Amino acid sequence: MMAGKLPQRSALSCAGMGLILWAGVARAGAVDKSVVSVSLGDGVSSMVGTNWGTSLTDGPFMHCQVLSDPIFGAFLEGRCSGEDLEGERFECFTTDPSMILGLQTLPNFGKLHVYASGFTCTGMYTYHGSPYLPRGKRTTLAQIEAHSDGAVGTFYGARNSTDRKQYAYCAVYDSPGYSYTACQARDAAGDYFYCSSDEPGMVAAARALKEYSWLKLSAMSLVSSDCVEIWTVNSSIYFP
């Protein structure tokens, strides 16, 4: 169990950042199994895709790893590489602690969007939630209930729902020296919730979300969209 709580509104509201994160969800059917795509520019590049969707297609791949070097003690390096259907290749490296933590906590069934300048990773979104999961069998898991100031439910309850409208997820953004999280949820009735935070406890709770999580989200909806609670529970009873 892990919870992040904020007794009052944080100094920085990340509401506008949710516009970027919202684009990552396939609204119809609340499923996102996008295959990796690489974008190359003048000295800059990016790679985005889901592990599950990419695994269903022969050829393309996404690969991230964290390496330690005993010669340098606690030195860690993160590396990401991939190739899309067009044969475009991506690769970047980072020694930034927060970005390495993002790679360490990326779910097996998750989504990654990583940016680079040259071969240096400059930022990444890691997505944790129901849209990126293969469908399970259990239909008795708690489904999503969303309202203006919060949401509660399980990832697989949303993914296995027959209405095909529900979803819940949190995305964590990491770059050198800065991290934040943004969470969204929608229930069968179409009610929607969003909150975001750069408070370290909130970010840590969002990182802890797994494929089989129960979560509770809360915000001061009448004041701002800042998260005041992200409660994460990982348990065998929430397996699909």
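Worth a mention:
- Residues in region 173-200 that are farther than 18 Å from Ala146 by Cα, touching a Leu at 6+ places or on another chain (Cβ under 9 Å) and part of a strand (DSSP E or B): Tyr173, Asp174, Ser179, Tyr180, Ser197.
- Tallying residues that are without any contact (Cβ under 8 Å) to a residue 60 or more places away in the chain and assigned to a strand (DSSP E or B) within region 109-121 yields 2.
- Just so you know, in region 127-152 the residues that are assigned to a strand (DSSP E or B) and in contact with a Phe, Trp or Tyr (Cβ under 7 Å, 6 or more places away or on another chain) include one that is farthest from Met47 (Cα to Cα), and it is His147.
- Evaluation of Val114 against the conditions (1) at pLDDT 95 or above; (2) aliphatic (A, V, I, L, M); (3) more than 30 Å from Ile144 (Cβ to Cβ) shows that the sole unmet condition is (3).
- Residue selected from region 147-159 under the condition hydrophobic (A, V, I, L, M, F, W, C) and buried (at least 24 other Cβ atoms within 10 Å of the Cβ), by the criterion nearest to the chain's Cα centre (by Cα): Phe155
- Count of residues meeting criterion [without any contact (Cβ under 8 Å) to a residue 12 or more places away in the chain and among the acidic types (Asp, Glu)] in region 205-240: 0
- Subset of region 209-240 that is surrounded by fewer than 20 Cβ atoms within 10 Å (Cβ to Cβ) and among the aliphatic types (A, V, I, L, M) - its residue that is nearest to Gly129 (Cα to Cα): Val233
Okay, residues lined up against (1) modelled with pLDDT of 65 or more; (2) touching a Leu at 6+ places or on another chain (Cβ under 9 Å):
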| residue | (1), (2) |
| --- | --- |
| Gln8 | no, no |
| Asp32 | yes, no |
| Gly49 | yes, yes |
| Leu85 | yes, no |
| Thr94 | yes, yes |
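- Residue check, Asp163 outside the structural domain of Thr120 (by TED's automatic domain parsing) and in contact (Cβ under 8 Å) with a residue 40 or more places away in the chain: no
- Search result, residues across region 122-137 that are small (Gly, Ala, Ser) and either free of Cβ contacts under 8 Å to residues at least 24 places away in the same chain or under 15 Å from Tyr173 (Cα atoms) (or both): Gly123, Gly129
- Of Ser39, Ser81, Ser98, Ser46, all but one fail to be closer than 25 Å to Trp231 by Cα and either hydroxyl-bearing (Ser, Thr, Tyr) or more than 20 Å from the chain's Cα centre (by Cα) (or both); the exception is Ser98.
- For Phe61, the requirement of being at pLDDT 95 or above, of a type in the set (A, V, I, L, M, F, W, C), in contact with a strand residue (DSSP E or B) (Cβ under 8 Å, 6 or more places away or on another chain) and crowded, with 18+ Cβ neighbours inside 10 Å is not met.
- Among residues that are buried (at least 24 other Cβ atoms within 10 Å of the Cβ), over 21 Å from Pro107 (Cβ atoms) and small (Gly, Ala, Ser), Ala205 is not included.
- Selection status of Glu91, free of Cβ contacts under 8 Å to residues at least 60 places away in the same chain, part of a strand (DSSP E or B), more than 29 Å from Ala185 (Cβ to Cβ) and not aliphatic (A, V, I, L, M): yes
The values are calculated or read from the model by the stated rules, or taken from the named source; none is laboratory data. Keep in mind that what you see is a predicted model, and the values were worked out from it rather than measured. Don't worry about glycine lacking a Cβ; one is built from the backbone with ideal geometry, like all the others, and counts go over all protein chains shown.
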